[in-house]
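First up is the structure itself, then whatever we jot down about it.
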Amino acid sequence: MDDTALHAPSWDQLFEIAAAQGGLFTTQQAGEAGYSPQLLAHHVNAGRMVRMRRGVYRLVHFPAGEHEDLALVWLWSERQGVFSHQTALALHDLSDILPSQVHLTLPEAWRQRRLRVPEGVVLHFGDVARSELRWFGPVPATAPLRTLEDCVADHLPPELLAGAARDALARGLVARDELAAVEAALEPFGGLP
């Protein structure tokens with residue numbers, strides 16, 4: 001007997017879950033609110049929900065949010081992923097270049113999993129401390145310093161790294177003495193002005 005048979009569906013609980021995620025929710029979250037796959041299908045057919053991708057739905061009265069594409073990827077990661085690298089630079093408005101791919105860091109323990117990675121998503125593996133998280137609506141991203149350090153490790157082109165670091169310094173998002181890794185990466189290119 002599955003858990004959904006143990007209690008009646010709670011629209012309020014499902015709504016609360018979806019509201020915190022830009023109107024999106026997973027099949028698992030719906031199950032926790034008492035919605036079986038058959039009941040989800042009924043609501044999809046009735047036009048109350050839209051299936052966005054396998055295992056992810058949206059309540060129809062929620063308009064598409066600013067970061068809906070990222071929220072879909074985050075829900076795919078079972079809410080364990082953190083947007084990082086160039087994606088986090090864009091979220092922090094530290095780069096004028098929109099990345100062609102979404103960068104997501106998953107916990108180190110996920111490295112052993114066989115994953116069906118969504119198209120356009122680049123995975124990185126590493127544990128991200130709570131102190132290294134920032135939220136953009138319903139999705140988490142690495143904090144500015146962690147983002148810059150990840151970009152150093154991923155060999156971001158020096159002109160992009162230097163520009164992002166200058167912007168982060170100018171906006172007070174990082175302190176100069178925190179940027180040792182950035183300084184070292186930029187040293188062969190004249191350093192960080």
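Things worth noting here:
- Tensor-based shape of the stretch 115-156 (alpha-carbon gyration tensor, a/c under 1.5 rounded, otherwise prolate or oblate): oblate
- Cα centroid separation - the stretch 156-188 against the stretch 125-143, whole Å: 19
- Sequentially through the stretch 61-72, phi angles give Karplus couplings (6.51, -1.76, 1.60; θ = phi - 60°) of 6, 8, x, 4, x, 4, 10, 4, 4, 6, 4, 4 Hz, Gly and Pro residues having no value and appearing as x.
- In this structure the amide hydrogen of Leu179, modeled in the peptide plane, comes within under 5 Å of no amide hydrogen from residues 5 or more places off or on another chain.
- DSSP beta bridges confined to the chain are antiparallel in about 70 percent of cases.
- Per-pair calculated FRET efficiency, R0 = 22 Å: Phe125 and Asp96 via Cβ, rounded to 0.05: 0.20
- Net dipole in debye of the chain [+1 Lys, Arg Cβ; -1 Asp, Glu Cβ; about Cα centre; nearest 20]: 640
- Calculated [θ] (222 nm, deg cm²/dmol) that DSSP helices of n ≥ 4 give over the chain, each run adding -39,500 (n - 2.57): -10000 deg cm²/dmol
- For Val60, residues with placed amide H under 5 Å, excluding near neighbours: Met49, Val50
Values quoted throughout were computed directly from the atomic coordinates according to the rules given, and no laboratory measurement underlies them. Because the structure is predicted, anything quoted here is derived from the model rather than measured. With ideal geometry, Cβ positions are generated from the backbone for all residues, glycine too; neighbour counts draw on all protein chains shown.
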